[in-house]
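Just so it is clear, none of the values below were taken in a lab; they were calculated from the coordinates. Everything quoted here is computed from the prediction, not taken from an experiment. Backbone-built Cβ (ideal geometry, glycine too); neighbour counts: all protein chains shown.
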C-alpha cells in the first residue's frame, strides 16, 4: 500500500467516524427533544457526506494504478 493510498484510507475512516458521531448527536438531540441539536447534527452529517463522496469517487481502479506504475 502506497503512502497516498494510506492517507486516503485514513481520511475516509476519519469522515466515517465524523458521520458516526453526527448520528450519535442526532439521536441525543432527538431523545432530549432539542430541535437545534437535532438539526445541527443532521446538517453536520450531510456536510460530512458531501466531503466523503469525492474520497470514494477518486479512488483509482486497480487496472489504472497498475498501468501507471509500469510506465
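Ranking 38, 43 by Cβ neighbours within 10 Å, fewest first, what do you get?
By the 10 Å Cβ count, ascending, the order reads 43, 38.
Could you give the length gained on full extension between residue 49 and residue 3, defined as 0.36 nm per residue of separation minus the Cα-Cα distance, in nm?
14.2 nm
Give, to the nearest whole percent, the P(r) tail of the stretch 12-57 beyond 14 angstrom, counting all Cα pairs.
47 percent
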